[in-house]
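Before any comments, here is the structure.
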Amino acid sequence: MATQTKTEMSPSAANVHSLPEKRLEAGDDASVPEEAESEEDGDGDIDIDIEASQDKQEPTTETDPNLVDWDGPDDPENPVNWSDKKKWLNVATLSILTLVTPLGSSMFAPGVPAIMRQFNETSGTTATFLVSIYILGFAFGPLLVAPLSEIYGRRPLYFYGNILFVVFTICTALSNSIGMLLAFRFFMGLSGAVPVTIGSGSIADFMPVEKRGRAMSAWSLGPLLGPCIGPLAGGYLIRAAGWRWVYWLIAILGGICIPISFVWLRESFAPVLLEKKTARLRKETGNPDLYSKLSGRAPPREQLKHAIVRPMKLLLMTPIVTLMSLYVAITYGILYLLLTTFSFVYSDQYGFDEGASGLTFLPAGLGMLIGVITFGALSDKIVKWNLAKGLPHKPEVRISPQLTIPCGAALPVGLFIYGWTTENQVHWIVPMIGVLIFAAGLMGVMVSYFSAAANPPRPFFSLAKPQILCVYPEN
C-alpha cells in the first residue's frame, strides 16, 4: 500500500475544510491554527456539534493502516494547497457560470408586455409570474443540488447542470404558449441553480479565510449583477429581434460555458478527492478494506440521508443562521420584487420604451459593483485586523456592526427614495439614485453573510443555503 503520511487533525477533521493551519498572505509571519476557528465562543462555551459522530476520537493512519488521508499538510492534491493562479482561475470560472444563469431571471423582463400581447394574456399576476417562476426554480434546485454535491462532488454538477440549463433554455425559446414558457422557465431556474448553490462552497473549499471575502465578493457579483445587467441588453435585443432571441443568446452563452467549465474547473470537495485516492489505492494495493478519512464507510444512501437532514438541523439549531437566512431571504426577495417593477414603472410614469426601460437596471448593477468592492475589501480588512491583534478568528466577525448597520440602513433608505419619487413623478434620475443606494447596501449584506456562513467550522454551507432559497432563494 502507498505510504500515507500521518497528519495531526482536530476532532473536526471530518469537515472538508479541516487543515493543520491556514496561512496569511505572503509577508505575514502569523498563521491561523485550525483551533482559531474552533467551536468555542467568546464565553468559553462550545457550540453544539451537528455531527454526533465527531464526539468519537478519530483514527489516524498510525492507529488504522486502512485509513487514507492527505500526504501531509502540503499535499498538492489538497485544494487548499493549490497555487494562487489555480485558485483564482477557478474563482473566475465560477463567477462566469454564476453570471450566465441568473441572466435568465430578468433579461427578458423588458419584453414581458410584448409576450403578454403575443399570447393574448392580460393578467398582471401572469406577467409577474413570468419573471418570478425562474426564481421558484432557483428555490427548489438547491434542495437537490446540495446533497448531490456531498456525494458526487462539485465538478460533475457544474458540468451536467450547465448542459441541462442550455437544453431547457432552447426549449423556452421554442415555446408557443404561456404554459410552455412558464414550465421551461421553471426548469431553467432549477438547473441554473447549480453554480449559485454550491459556488460559495467551492470557494470555501480552497480559499484561505483571510482572502475569502474578496473571492466571495467576486463570485457573488454574478448572481446579483446578472439580473441587473440582463435587462439592459435584453431591452434592445427584444426591440431589434424579438423576445425569443433573449433565450437564444442565453443558450449560446451557456454553451460557451460548457467547455470552459470542463477545462478550467477542478474538483475541490475534499471528501470526493480522498475517495478517488482511496479507490486508486485499493486498485494498486489490492486491499479492499481501505477507506477515506473524510468519507468514512457510510453507504451512499446514508450519505444522501444525512446530507438532506443536515440543512434543517443547521437552520433550526443555529439561531444566527436562522436569523441571517431569514434576513437575506427577505432582502433578496425585495430585490426581485423591485426588478419586476422597473419595466412598468418607467414606461407608465416616465414614458420609457423597451430599450430605455432596460437602461433602468443599470443603477442597480452599479450599486452592486460599488458594494462588492467596498464591503468585500472591508470584510477582509476586519479579519486581518483581528488576526494582527492576536485574536482568534470567528466567522461572526464578518457580520460585525461596522458592516451590517450601514448596509442594513441603506436598504430602507433606497427603497423609500425609489417609491416616493416614482409615485410623485420626480425626475427619473432620483429614483435611480435610490436604487443604487439599495443595491450597494444589499451587496454588503450578501457579502457579509455568505463570507461568514462559508467559514469553518460552520460546515455544510452549501447545504444550509437551500433554506435561504426556499424562503426566496457548504463544507
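For a footprinting-style exposure proxy, rank 348, 380 by other Cβ within 10 Å, fewest first. Spell out each step's value before the answer.
Values: 348 10, 380 22.
The fewest-first ordering by Cβ neighbours comes to 348, 380.
Give, in nm to one decimal, the length gained when the segment between residue 426 and residue 326 is fully stretched (0.36 nm per residue of separation minus the Cα-Cα distance).
Result for the pair: 32.7 nm of gain on full extension.
Relative contact order, percent, of region 260-348 when contacts are C-alpha pairs under 8 Å separated by at least 6 residues?
16
Place the peptides 143-156, 80-93 in order of packing, highest mean first, counting for every residue the other Cβ atoms within 10 Å and averaging per peptide.
143-156, 80-93
How large is ³J(HN,Hα) for each residue in region 333-343, as worked out from phi by the Karplus curve 6.51 cos²θ - 1.76 cosθ + 1.60 (θ = phi - 60°), to whole Hz, x for Gly and Pro?
Here the 3J(HN,Hα) series is x, 4, 4, 6, 4, 5, 4, 5, 8, 4, 4 Hz.
In nm, give the distance between the simple-model label positions of residue 301 and residue 241, each being 7 Å from the Cα along the Cα-to-Cβ direction.
Here the modelled spin labels are 5.0 nm apart.
What is the packing order of peptides 200-210, 319-329, taking the mean over residues of other C-beta atoms within 10 Å and listing the highest first?
Result, highest mean first: 200-210, 319-329.
Ranked from highest to lowest mean number of other Cβ atoms within 10 Å per residue, what is the order of the peptides 235-248, 418-431, 160-173?
Top to bottom by mean Cβ count within 10 Å: 160-173, 235-248, 418-431.
When all C-alpha to C-alpha distances in region 205-306 are sorted into bins of 5 Å, what percent of pairs does each bin hold, rounded to whole numbers?
Going from the shortest bin to the longest, the percentages are 2, 9, 10, 13, 12, 12, 12, 9, 8, 6, 4, 2, 1, 0.
Using θ = phi - 60° and the Karplus form 6.51 cos²θ - 1.76 cosθ + 1.60, what ³J(HN,Hα) does each residue of region 270-287 get, whole Hz, x for Gly and Pro?
Karplus-based 3J(HN,Hα) across region 270-287 equals 4, x, 5, 5, 5, 5, 5, 5, 4, 4, 5, 5, 4, 5, 6, 9, x, 9 Hz.
The numbers here are math on the coordinates, done by the rules we state, and not lab data. Predicted model only: the values in this text are computed from it and were never measured. Glycine also receives a Cβ, built like all others from the backbone with ideal geometry; neighbour counts cover every protein chain displayed.
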